[in-house]
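I have placed the structure first, in the form of structure tokens, so that the comments after it can refer back to it.
The values are calculated or read from the model by the stated rules, or taken from the named source; none is laboratory data. Worth saying up front: this structure is predicted, and the values here are computed from it rather than measured. Here the Cβ positions follow ideal geometry from the backbone for every residue, glycine too, while neighbour counts run over all protein chains shown. The accessibility values were calculated without ligands, DNA or RNA, using every heavy atom of the protein model including side chains. Shrake-Rupley method; radii C 1.70, N 1.55, O 1.52, S 1.80 Å.
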Amino acid sequence: MALPHLTNPDVVPDQPLTPDEAARQSRRRRIIRRIAFSLASLIVVTAVAGFFFARHWASQAMHESLPQLDGSIALPGLAAPVSIQRDTHGVPHLRASSLDDLLFAQGFVTAQDRLWQMDALRRHAAGTLAEILGPSLVAHDRLQRTLELRNSAEKALTTLPPDQLHQLERYAAGVNSSIQVQRNHLPIEFRLLRYEPAPWTPRDTLLVALVMFQDLTTSFSSELNREALTAKLPAHLVDDLYPTVTWRDHPPAQPIVDLTAPQKDIPDIPLDESQTRLDKPTLSTTSADLIALQRTLRNPVCDGCFAGSGNWVVSGSHTATGKPILSNDMHLTHNVPGIWYQADLQAPTATGNLHVAGVSLPGVPFIIVGHNEHVAWGFTNLGAEVQDLYIEHVRGNANSAEYESTSGVWKPLLRDREVIHVKNGKDVVIDIAGTQHGTVVTPIISGILPSERRAISLRWIVYDPGALNFAMLGINNAVDGTSLVEAFSAFGGPAQNLVYADDQGHIGYHAIGRIPLRGSVMTPSPISPVPTDALDSTQEWVGTIPYERLPQAVDPTNGILATANSRITPDDYPYPLALNWGAPYRNQRIWKVLTDKSISTKNKLTPADMLALQTDIYSDLDRVIAQRLAYAIDHASKTELTKDKQLHQAADLLRDWNGNVDADAAAPAIVVATRAALWPLLIDPQIVAPAKAQPNPTAQAEGKAQPLPAAALYTWGNKSYAEEWLIMHTPARWLPKNYTTWDDLLAAAVADSLRLAKAPADLSKWQYGQFRQLDIEHPVFGQSALLQRIIGVPTGPGIHSQSGDDATVKQVGHSFGPSERFTADLADLDHSTLNLVLGESANPTSQWFMDQWPAWYNGTTFSLPFSNAAVDAATTHTLTLAPR
């Protein structure tokens, strides 16, 4: 049925336009279109002009901030001229007439190249990044303030010996002189963020040192994770996840073993005695809060990674020159610029001529790792347990809260009020409570975990002012291995594995740093892997392990010493040192390669062999797992697995793989992806009483509602060995109920990993380098694609495929890996090699911004000139700092 025609008597029907009216309307439309077009054109022209103006401004700003390299600069504070010779890679070689002038010049030249990095490092430690970067950094600053790093630096400053304080003051004077010279053309980061650097102080140097402490000794988040995870698992499964001893271990002080011989099967993983101390108090912290804490701490940096490096030294009996060779590459987070700054320092001192070269930490004087005229040294992270968590007994209200001391006396909680200034935001005020254990204040850190209802305090070696002892002059000026080891006796930390070699032919190893004893000096208590009751006297610190009793070795008969973060305590070592050692694979590989090469008298070792080992990408862990996965796929019984053609192609690739984690190979991608996919399949079904699914913050941000897997809480240094042990021994207690055999479980893990990693249908076209890429970004430039385009030059290497993984000597992650590669040839120090990841300069327009990147990425290197003749031959620029 048709609807009737509806009309509105109040509406006048449209009347046809007259020719004049139509012409006028047409003209108006043309005018409007022209105006719109003109406005649009103006906007485009303005935007383009603005872009090119911004690019011109950025280019000009960066060029203006390049340092003066030649000629002379007159500066107040110097007693005599200092020569700064820059070589082909911009490395400054400083020659001064006194130690005071040398330290002044080192501060000056470091700030020439790395001033904003230095400022960012001290702000990172002090918790003042939100002041320049805005609200997104409030969580970070809240954490740093709660950890009391700034207060720790201030307290340590009051206990420094006068000579050390004076050295820091001379370095700070040089930095401040450099700031004054740069005042009208500061690095572009200051201009973009619209602020100026405050004067440098000795406290700032200690703050930068504390950044290293935090990166290398933060274990409390792992303790919280372990507590939360073990509370959810059946007790009989827990020990399998947390091994402390493995058959692959090779402590440096133990006799060398034949790693090619058949190994004794260990059906039950030997455990540290302390692993029976799994107290299970009432827990309240959610998994989401614990994962958020990990992200803020960036700990761990990547799954399976262990910040801390590889080092080794071989005696002259194994080298082509008859003199020792030492190598060290420290594995840390990658940033733009890199963490290290190369330097060569020379000046007379009260104890002789100081001449030392190597890597320094921007903001800290002297050389951290390197060599002088007589001795070379290198570090790896020891991983000592220097943090403990205590569950405090508290009572009262917010205004009159008390805690119970170990003596049973109730005392008022100590209070510290902190104000976080926020750029483009309101100030954030936080109240930090504290208790006292021994002579130090231990902050209550529960506030960084919103769901935590207990009062949990943190004991950390950095709260003891003596831990920040800065006796670097004696280290840099050592005349042999013996004096070097003696100089390190005052070193507070972070605890490290030191290897060294001297020009007399001696090699050695010594653990260094202050490591606490708990319970009793005579019979120390085992280390607790989880938070303990604050009144438990067995966990109170009663001193530190005597330096002379730390693990050590001198001139071993085999002529080889090596460490790579795995267990360094001999089997009969009496002191509890650590629980959470790094996995043993890198260390085992280093020993095997050096031993194999040293057996043949025809193949004497050279620096080239050291570089080949530093870039070695063979993984025994991944090859063993690859073979086991291939077997599992062949013997799987589930129909969906036996008929999966892609799965069987994976098995063929895995069984034929040689174990080298090459960037262009498919097999390592399959193995590494499967290792990650396996843990949720193993752990999540074993949760005793699953709580209500907790939201995954990352998934929520992506618009997906996904529960947070319990496996995300499993963060353990020896995690990969636990994985190998479970895969090879296939204990029935771990087999999930929905699988009848381990072969089905492992095959399903492979299938899941291929799906989750979005592997191509033809696995032979899958490349590991595409799956595990390297990405190094600038903390400011890397946050904005537009800003990078405006700057107009590369602000970092970007994303690249890479070889290696967490179990290879070349240990790498997405933004993690060797931060430098150093080899000292004691036969001719001018043949020593050293290269950084990127370069000396932080300025993208500098020729030395990324000039070292090709060598680092492609596994080559170059020499570091040391003798005066070699330095003169390599000099490209000479600047003289003159007294004013």
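Kirkwood Rh and Cα-based Rg: tell me the resulting Rg over Rh for region 749-884, rounded to two decimals. Write down the numbers at each step before the final one.
Numbers: Rg = 20.0 Å, Rh = 18.3 Å.
With Rh from the inverse mean 1/r over Cα pairs, Rg/Rh is 1.09.
Using a Förster distance of 41 Å, how high is the FRET efficiency between residue 773 and residue 869, based on the Cβ-Cβ distance and rounded to 0.05? Each step should come with its number before you reach the end.
Numbers: r = 43 Å, r/R0 = 1.05.
So the FRET efficiency works out to roughly 0.45.
Give me the aspartates and glutamates in straight-line cross-link reach of residue 232: C-alpha distance below 17 Å, same-chain residues under 8 apart excluded.
223, 240, 279, 289, 452, 684
Ranked highest first by average number of other Cβ atoms within 10 Å, how do 358-371, 473-486, 786-799 line up?
Details: 358-371: 25.1, 473-486: 20.4, 786-799: 16.2.
Top of the packing list down: 358-371, 473-486, 786-799.
Report the full-extension gain for the segment residue 139 to residue 416: residue separation times 0.36 nm, less the Cα-Cα distance, to one decimal in nm. Display every interim value, and only then the final one.
On the way: separation 277, 0.36 × 277 = 99.72 nm, distance 1.78 nm.
Stretched fully, the residue 139-residue 416 segment lengthens by 97.9 nm.
Can you compute the modelled spin-label distance between residue 645 and residue 64, with each label point 7 Å from Cα toward Cβ, in nm?
Computed distance between label sites residue 645 and residue 64 equals 6.5 nm.
Rounded to the nearest 0.05, what FRET efficiency is calculated for residue 193 and residue 882 with R0 set to 35 Å and r the Cβ-Cβ distance? Walk me through the numbers before you get to the answer.
Details: r = 33 Å, r/R0 = 0.94.
Rounded to the nearest 0.05, the efficiency is 0.60.
So, in nm, how far is label residue 436 from label residue 687 when the simple model puts each one 7 Å beyond its Cα toward the Cβ?
Going from the residue 436 label point to the residue 687 one covers 4.3 nm.
Let me spell out the model: positive unit charges on the Cβ of Lys and Arg, negative unit charges on the Cβ of Asp and Glu, origin at the Cα centre of the chain. What dipole size does that give, in debye rounded to 20?
Values: 70 positive and 90 negative charges, 576 e Å.
The dipole magnitude comes to about 2760 debye.
Karplus couplings for region 57-67 from phi (6.51 cos²θ - 1.76 cosθ + 1.60, θ = phi - 60°), rounded to Hz, Gly and Pro as x?
3J(HN,Hα) across region 57-67, in whole Hz: 4, 5, 4, 5, 4, 5, 5, 5, 8, 5, x.
Enter the mean projected area of the convex hull around the alpha-carbon atoms of region 538-584, in nm², rounded to one decimal. Could the numbers behind the result be given before it?
Working: hull surface 18.5 nm².
The directionally averaged projection comes out at 4.6 nm².
Bin by bin, in steps of 10 Å, what percent of the Cα pairs in the chain do you find, going until the bin that has the longest distance?
2, 11, 20, 24, 20, 12, 5, 3, 2, 1, 1, 0
If r is the Cβ-Cβ distance from residue 283 to residue 154 and R0 is 41 Å, what FRET efficiency results, to the nearest 0.05? Could the numbers behind the result be given before it?
Values: r = 35 Å, r/R0 = 0.84.
After rounding to 0.05, the efficiency reads 0.75.
How much length, in nm to one decimal, is gained on full extension between residue 815 and residue 43, taken as 0.36 nm per residue of separation minus their Cα-Cα distance? Walk me through the numbers on the way to the answer.
Details: separation 772, 0.36 × 772 = 277.92 nm, distance 3.96 nm.
Here the segment from residue 815 to residue 43 would lengthen by 274.0 nm.
Would you work out the relative contact order for region 104-159, in percent, from Cα pairs under 8 angstrom that are 6 or more residues apart?
Details: 29 pairs, mean separation 14.7, N = 56.
Reported relative contact order: 26 percent.
Once Lys and Arg get +1 and Asp and Glu get -1 on their Cβ, which of 244, 554, 67 lies farthest toward the positive end of the dipole of the chain?
The residue sitting most towards the positive pole is 67.
Relative to 2.2 N^0.38 Å, what does the C-alpha radius of gyration of region 500-640 come to as a ratio? Two decimals please.
Values: Rg = 21.2 Å, N = 141, 2.2 N^0.38 = 14.4 Å.
Here the Cα radius of gyration is 1.47 times the empirical estimate.
Per DSSP H run of n ≥ 4, the term is -39500 (n - 2.57); total these for the chain, divide by its residue number, and report the mean residue ellipticity at 222 nm rounded to 500 deg cm²/dmol. Please report the intermediate quantities before stating the final value.
Working: 26 runs with 310 residues, N = 884.
Only helices count here, giving -11000 deg cm²/dmol.
Could you check the simple spin-label distance between residue 74 and residue 627, using points 7 Å along Cα→Cβ, in nm with one decimal?
In this crude label model, residue 74 to residue 627 measures out at 7.4 nm.
So if each residue of separation counts as 0.36 nm, and I subtract the Cα-Cα distance between residue 830 and residue 479, what length gain in nm does that give?
Details: separation 351, 0.36 × 351 = 126.36 nm, distance 1.80 nm.
Full extension of this stretch gives 124.6 nm more.
With unit charges on the beta carbon (Lys/Arg positive, Asp/Glu negative), name the residue among 781, 749, 791 whose Cα is farthest towards the positive pole of the charge dipole of region 743-802.
After comparing all options, I get 791.
Counting other C-beta atoms within 10 Å, and keeping those with at most 14, which DSSP coil GluC sites (Glu not before Pro) do you find in region 320-399? Could the numbers behind the result be given before it?
Values: sites: 373, 385, 392; in loops: 373, 385, 392.
Qualifying residues, ordered by number: none.
Can you pull out the trypsin sites (Lys or Arg not before Pro) in region 439-545 whose DSSP state is coil and whose Cβ has at most 13 other Cβ atoms within 10 Å?
Those satisfying the criteria are 453.
Would you mind classifying region 620-671 by shape? Square roots of the alpha carbon gyration tensor eigenvalues, ordered a ≥ b ≥ c; an a/c under 1.5 is rounded, otherwise it is prolate if a/b is larger than b/c and oblate if not. Could you put the intermediate results ahead of the total?
Details: a/c = 3.08, a/b = 1.83, b/c = 1.68.
It comes out prolate by the Cα gyration axes.
Which of the peptides 176-188, 118-130, 608-620 is most tightly packed, and how do the rest follow, judged by the mean count of other Cβ atoms within 10 Å per residue? Numbers along the way, then the final one.
Numbers: 176-188: 18.6, 118-130: 23.2, 608-620: 20.5.
Per-residue mean Cβ counts within 10 Å order the peptides as 118-130, 608-620, 176-188.
Using every pair of alpha-carbon atoms in region 116-231, split the distances into 10 Å bins beginning at 0 and state the percent of pairs per bin, rounded to integers.
12, 36, 32, 14, 5, 1
Over every pair of different alpha-carbon atoms in region 417-541, take the mean of 1/r and invert it; report that Kirkwood radius in Å. Intermediate values should be presented prior to the final figure.
Details: mean 1/r = 0.0553 Å⁻¹.
By the Kirkwood definition, the hydrodynamic radius is 18.1 Å.
Quick one: give the max-minus-min coordinate of the C-alpha atoms of region 608-696 along each principal axis, largest first, in Å.
That gives 56, 33, 19 Å along the principal axes, largest extent first.
If you roll a 1.4 Å probe over region 386-437 with all protein chains in place, what percent of the accessible area is carbon or sulfur?
On the way: 1370 of 2840 Å².
Roughly 48 percent of what the probe reaches on region 386-437 is carbon or sulfur.
With +1 on each Lys and Arg Cβ and -1 on each Asp and Glu Cβ, and nothing else charged, work out how big the dipole of region 141-257 is about its Cα centre, in Debye to the nearest 20.
Numbers: 12 positive and 14 negative charges, 88 e Å.
My answer is approximately 420 debye.
Jot down the per residue volume, in cubic angstrom and as a whole number, of the convex hull over the alpha-carbon atoms of region 703-793.
Here the figure is 223 Å³ per residue.
Go through 719/810; 638/737; 155/426; 765/810; 323/597 and tell me which ones have a Cα-Cα distance over 20 Å in this structure. Spell out each step's value before the answer.
Values: 719/810 18 Å; 638/737 14 Å; 155/426 29 Å; 765/810 24 Å; 323/597 16 Å.
Result: 155/426; 765/810 exceed 20 Å.
Can you list, bin by bin at 10 Å, the percent of alpha carbon pairs in region 312-447, starting at 0?
Spelled out bin by bin, region 312-447 gives 9, 21, 18, 20, 18, 11, 2, 0 percent.
Shape of region 823-884 from its Cα gyration tensor (a ≥ b ≥ c, root eigenvalues): rounded if a/c is under 1.5, otherwise prolate when a/b > b/c, or oblate? Could the numbers behind the result be given before it?
Working: a/c = 2.63, a/b = 1.07, b/c = 2.45.
Oblate is the answer for region 823-884, as a/c is 1.5 or above yet b/c matches or exceeds a/b.
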